[in-house]
């Protein structure tokens, strides 16, 4: 920086206050959600003494309201989606970037173009396909379509920087192709895989319209569907709804706090370099 | 020698195809074939129970005759026009300000905080905001009451309900776009900035002449992402307003869902979906032409 003189600037101070205020607006609804989740209110007049800090609402949500099953479904779907997306997209990225496949650039353009397609356009045919192959109310219906062009694009961006010598060395050593992929390529793209895993987890966790359409059996509800139903009931216990909303937020939030760097890097990888 | 090299390349090409195959199948079935099927259904009267019958352009004629469709179309376009510029400008200002003036631990803390709403699910976000927007005792009205402002019927009045949907969307997305912009600002070379400072350019001039032009590719990407995701808005409308009051917040995506899965008019809903697809592709094409021309 030119000149380390830290002049006090009115615009700078005013701006900092505005940014701080904006950050407060960002978290205020979430703080409100957490506080309300510790009340048993049916009216909205919240007083400090109403906030009990007992976990009663959370207990009811998980054990009484069948949210336990929804939570389990969401965890299973999110974890399987991560494994599946990482595998399929890493394979695609490796094939596109490091293998001499004829016509691959044209095909990759088709991949990229599919990212623009609004999901509602494919919603109806996709539902009918799932019904035809008997995948309604299954985990597969939620997991398999998760691997898409975005992951392939993101991992390929990263794979451009992977030096071919490691792969060539393994080939010269006579390492069989599947092992090269598993033992050499996957570890080399690990940072990008972590970012993709985070993204896939959060989007599978928060996904709504597709599970709403394809899994109509209450036993197969994911957490957002269960939350949506609870929130739409007329006799609303606000504390209960807020506890469910907070519960759905806990896991992605914990991931964010623990892996902030990878979150941010992942966004930059999918975004800026493209 | 030459022959053996060819077979080696050939083998590598086959390996490559095998690696690409799973993603290829997914994209073919779930995207390309699905779009073709949606196009086909849009010319039929399919309703889940009877075999689809070809009805020509009937669905499209009915779509363009429907008042609800025009309401949904207008709302979707209005929504894009309001949300995309606001969230883009807000994200840009936040990113540039934090990168230039708050490059310290407090600045990076605020950056992390502003990103948080992005990881909240739209359904949870809508459930919380719905309570905040409540007319009687909602915390927003209580806060406004402190300034002597009367109770506002946020979700019950047509224009305000639309504003509420916009607020929740922007609240949720700004942090994401800010992080993308921030990475872009950090990528601008210091030499360029220092040269401008030596030339006596003030902060304002540096913003317009260096920062903004350098961020052009990112701005292009953010606008593209913003437009595509705004055209698909569903979750927030579904949970916060249910399209109402009346049809004041109904969107094309919401209409596709309700006509297909509440009313079982799959052919009709497919026609709306195809209109949505054409609009998105058209906008992308215009945007491309516009940005290329200015290059």
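Residue check: is residue B:143 in a helix (DSSP H, G or I), more than 8 Å from chain A (Cβ to nearest Cβ) and closer than 30 Å to residue B:214 by Cβ? For residue B:143, the condition - in a helix (DSSP H, G or I), more than 8 Å from chain A (Cβ to nearest Cβ) and closer than 30 Å to residue B:214 by Cβ - is not met.
Looking at the structure I just gave you, is residue A:245 assigned to a helix (DSSP H, G or I), more than 9 Å from chain B (Cβ to nearest Cβ) and either at pLDDT 90 or above or touching a strand residue (DSSP E or B) at 6+ places or on another chain (Cβ under 8 Å) (or both)? Spelling it out, it is not the case that residue A:245 is assigned to a helix (DSSP H, G or I), more than 9 Å from chain B (Cβ to nearest Cβ) and either at pLDDT 90 or above or touching a strand residue (DSSP E or B) at 6+ places or on another chain (Cβ under 8 Å) (or both). Of the residues A:114, A:43, which is at pLDDT 85 or above and within 10 Å of chain B (Cβ to nearest Cβ)? From the options A:114, A:43, the qualifying one is A:114.
Among the criteria (1) assigned to a loop (DSSP other than H, G, I, E, B); (2) surrounded by fewer than 18 Cβ atoms within 10 Å (Cβ to Cβ), the one residue B:46 does not fulfil is (2).
Each residue in segment A:53-74 was checked for being touching a helix residue (DSSP H, G or I) at 6+ places or on another chain (Cβ under 8 Å), assigned to a helix (DSSP H, G or I) and surrounded by fewer than 21 Cβ atoms within 10 Å (Cβ to Cβ), and 6 of them qualify. Considering each residue of segment A:184-195 in turn, at least one proves to be more than 25 Å from the chain's Cα centre (by Cα) and either buried (at least 20 other Cβ atoms within 10 Å of the Cβ) or outside any loop (DSSP other than H, G, I, E, B) (or both).
Go through segment B:15-52 and report how many residues are more than 9 Å from every other protein chain (Cβ to nearest Cβ) and either at pLDDT 90 or above or touching a helix residue (DSSP H, G or I) at 6+ places or on another chain (Cβ under 9 Å) (or both). Final tally of qualifying residues: 9.
Scanning segment B:151-186 for residues that are farther than 20 Å from residue B:91 by Cβ, outside any loop (DSSP other than H, G, I, E, B) and within 14 Å of another protein chain (Cβ to nearest Cβ) returns a single hit, B:164. Those helices (runs of 4 or more DSSP H) of segment A:117-168 in which at least 2 residues are more than 10 Å from chain B (Cβ to nearest Cβ) and crowded, with 17+ Cβ neighbours inside 10 Å, considering only elements entirely within it, cover A:139-143, A:149-159.
The values are calculated or read from the model by the stated rules, or taken from the named source; none is laboratory data. This is a predicted model, so every value here is computed, not measured. Note that each Cβ is placed from the backbone with ideal geometry, even for glycine, and that neighbours are counted across all protein chains shown.
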